[in-house]
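Nothing in this text is a laboratory measurement; each read-out follows from the coordinates by a stated rule. The structure presented is a predicted model; accordingly, all values stated were derived computationally and were not measured. Virtual Cβ from ideal backbone geometry, glycine too; neighbours counted across all protein chains shown.
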Amino acid sequence: MQTESEKEIAAAPTPFIFDGHNDTVMNLYYPERGGGRSFFEQSDKGHIDLPRARTGGFGGGMFAVFVTNEDWLKGPPKEDVTLTDNGYDVKLAAPVDFDTARDTTEKLTTSLFNLIDQSQGQMQLTRSTDEIRECFANSVLAVVLHFEGAEMVASDLINLQQYYGRGLRSLGICWSRPNAFGCGVPFRYPSSPDIGPGLTDAGRELVRECNRLGIMLDLAHLNEKGFWDVAAITNAPLIVSHSAAHTLCGSARNLTDRQLDTIGESDGVIGVSFFRNDLRGDGRLEPDTPMIAIVDQIRYIADRIGIEHVAFGSDFDGATIPKELGDVAGMPRLVAALGRAGFDEGSLTELCRENWLRVLARCWHENES
C-alpha cells in the first residue's frame, strides 16, 4: 500500500527538471563522502543516483567538478567553526594551489566522463540546449560540465580553451576561498556578502574570455564586490547557480535585494539552493528545516524580480537539505508544494527547466546569427 507521500509523488505533474548545481561527482569519487555507492543503483546514501533521478523527474543539470580543500573533505574542520549566540562563523578556507587544482580536476572530470561511458546511453555530456532537450525527449540524463571555482584555470587563461574543448560550459569564479581571480564569502550568519576585495585583473580577463568563448559564468560563492565587478564587465546574463535571498536568511552566501534586482535586469537567473543553512530566517542549523522554506525563497524572488528569473539550484550531494525533501526522488513533493502555493503549470515549467535553458542559450551564443 502506498504512503500518502508516495501517492503525492505519483500524482504530481512534474515537468522534466533541470537543476543548477550538484556535487554528485565529488560524492561518488570520494568514499569518505559517498560511502562508495554506485550511481546506477538506488541507495539511501547521498542525494542523486540514476534510479532516484528517474523517480524525481530529474532530467539533468550542472554537474560540478569541485576541488575541495583536503581538510574540508567531510565538511569544515571543527576548529574552524565558531557557534555564536545568534548564528555561526566558519573560517574562510585556504587557497588551493594551481597544480593541485589542475590534477584533481583531471581526475574528477575523467571520473564523470567514465560514468557517462558506463551508463550505456543513459547519460550524455551536453554542449547545447538542443542536446539537453533531445535528452529530455529520450529520457537520457543531460550532463553539463561545470567547474566550481576557477583554481584549475591558469591565471593567464592559457588552458581555458582546452577545457572548453573538453565540454566545459559553466564556470564558477570562486568557491568560499580566495583564488587568482577573486574572493569568495565565508559560511557565516548573520553577515553581509560584502566581505573582501573584488575581482583581480586576471578575474576581469576571465569574465571577458568566458563571454567570448560561450562559457556561462556562475557567481555563487563570490563576494559582493566581485559580483559588482562582473556586472560592470559582462555582456551575458548574471547567473547564481545556488543561493537564496538575504532578506529572508541573512547568510553571507545569500543575495541582497539590490543584487537580485540587478540579476533580473540582466535577464539572469538565481538557482535557489536547498541548503538548510541558507533558507532559515533564524540561521539555525536545523535538520528538520521544513520544505516550505524553499517555497518561500522561490516566492520571494519571483515576486520581486519575476518568475522568469528563479529556478532550482539544489546543491544535492553537497549540502544538508530539508529531511522533508529527502533527495532528488522527492522533487515531485517540492513541485506539488509550489503548486499549492499558487504557482500555475506554466510557472512550474519555467522554474523546473525553461529559465535555465533560456539563460544557457544566451550564454552559449546559441541565438546569434
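FRET efficiency for Lys107 and Asp201, Cβ-Cβ distance as r, R0 = 30 Å, nearest 0.05?
Once the sixth-power term is evaluated, E becomes 0.50.
Quick check: from the Cα gyration tensor, does region 141-219 come out rounded (a/c under 1.5), prolate or oblate?
Numbers: a/c = 2.42, a/b = 1.50, b/c = 1.62.
In terms of gyration-tensor shape, oblate.
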Note to self: Just to be sure I understand: with springs between alpha-carbon atoms less than 10 Å apart, which residue in Gly172, Gly56, Gly281 has the highest mean-square fluctuation in the Gaussian network model of the chain?
What the structure shows: Gly281
Notebook entry, point to check: Given labels modelled 7 Å from the Cα in the Cβ direction, how far is it in nm from Arg127 to Asp71?
Noted result: 4.1
Next item on the list: Place a +1 charge on the Cβ of each Lys and Arg in the chain and a -1 charge on the Cβ of each Asp and Glu, then give the dipole magnitude about the Cα centre in debye, rounded to the nearest 20.
Entry: 200
Checklist line | Relative contact order, percent, region 183-279 [alpha-carbon distance under 8 Å, six or more residues apart] | finding: 31
Next item on the list: Place the peptides 239-250, 255-266 in order of packing, highest mean first, counting for every residue the other Cβ atoms within 10 Å and averaging per peptide.
Entry: 239-250, 255-266
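Considering Cα pairs under 8 angstrom that are at least six residues apart, work out the relative contact order of region 1-158 and quote it in whole percent.
Relative contact order for region 1-158 comes out at 24 percent.
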Check: Which of the listed residues, Gln259, Ser347, Ile321, is farthest toward the dipole's positive end in region 18-363, when Lys, Arg count +1 and Asp, Glu count -1 at the beta-carbon?
Finding: Ser347
Check: Treating the beta-carbon of each Lys and Arg as +1 and of each Asp and Glu as -1, no other charges, what is the dipole magnitude of region 183-253 about its Cα centre, to the nearest 20 debye?
Finding: 100
Margin query: To check you understand DSSP bridge types, tell me what percent of the beta bridges within the chain (both residues inside) are antiparallel, rounded to 5.
Written below: 20
Item checked: the chain: DSSP helices with Cα axial extent of at least 24 Å and average Kyte-Doolittle hydropathy no lower than -1.0 -> 98-118
Check: For the chain, with the dipole built from +1 on Lys and Arg beta-carbon atoms and -1 on Asp and Glu ones, taken about the Cα centre, which of Val67, Leu334, Pro237 lies farthest toward the positive end?
Finding: Leu334
Next item on the list: With an 8 Å cut-off on Cα pairs and a minimum separation of 6 or more residues, tell me the relative contact order of region 18-363 in percent.
Entry: 19
Note to self: Using a Debye calculation, one point per C-alpha and no hydration shell, please list log10 I(q)/I(0) for the chain at q = 0.06, 0.11 Å⁻¹ in order.
What the structure shows: -0.19, -0.69
Next item on the list: Compare the Cα positions of Ile173, Leu357, Ala302 along the charge dipole of region 18-363 (+1 at Cβ of Lys, Arg; -1 at Cβ of Asp, Glu; about the Cα centre) and return the one farthest towards the positive end.
Entry: Leu357
Next item on the list: Considering only Phe147, Phe40, Phe187, give the residue with the highest GNM mean-square fluctuation for the chain, with springs between Cα atoms whenever their separation is below 10 Å.
Entry: Phe40
